[in-house]
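What follows is a short report on a single structure.
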Amino acid sequence: MSRNRKETLSKTVKTGISFGSALAMVISYVNWHSVGWAIFHGLLSWVYVIYYVLKYGL
């Protein structure tokens, strides 16, 4: 049972990180129209998404 929970948690974390990176890159590209900034913000992932929401709101 414990192994199954660890696998589920691992998959969830990977999905959350991937989604956070994609979301950060889309927000960045829509606002700045720059692939370079989109890649940089994608690397920051959820940090940039949270910053954007706090600074500009959705």
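Each value in this text was obtained by applying a stated rule to the coordinates, not by laboratory testing. Everything numeric in this text was worked out from a predicted model, so none of it was measured. Using ideal geometry, Cβ is built from the backbone for each residue, glycine included, and neighbour counts are taken over all protein chains shown.
Here are some notes:
- DSSP H segments from the chain that extend 20 Å or more along their own axis, Cα-based, with Kyte-Doolittle mean of -1.0 or above: 2-32
- The Cα center of the range 11-28 and the Cα center of the range 30-57 differ in position by 11 Å.
- Which labelled figure in [x] 56, 23, 12; [y] 46, 22, 13; [z] 52, 15, 13 is Cα extents along the principal axes in Å, once derived from the coordinates: [y]
- Over the range 2-56, relative contact order from alpha-carbon pairs under 8 Å, at least 6 apart, %: 33 percent
- Ranked by the mean number of other Cβ atoms within 10 Å of their residues, highest first, the peptides 18-28, 47-57 fall in the order 18-28, 47-57.
- Computed per residue of the chain from DSSP H runs no shorter than four, each worth -39500 (n - 2.57), the mean residue ellipticity at 222 nm is -30000 deg cm²/dmol.
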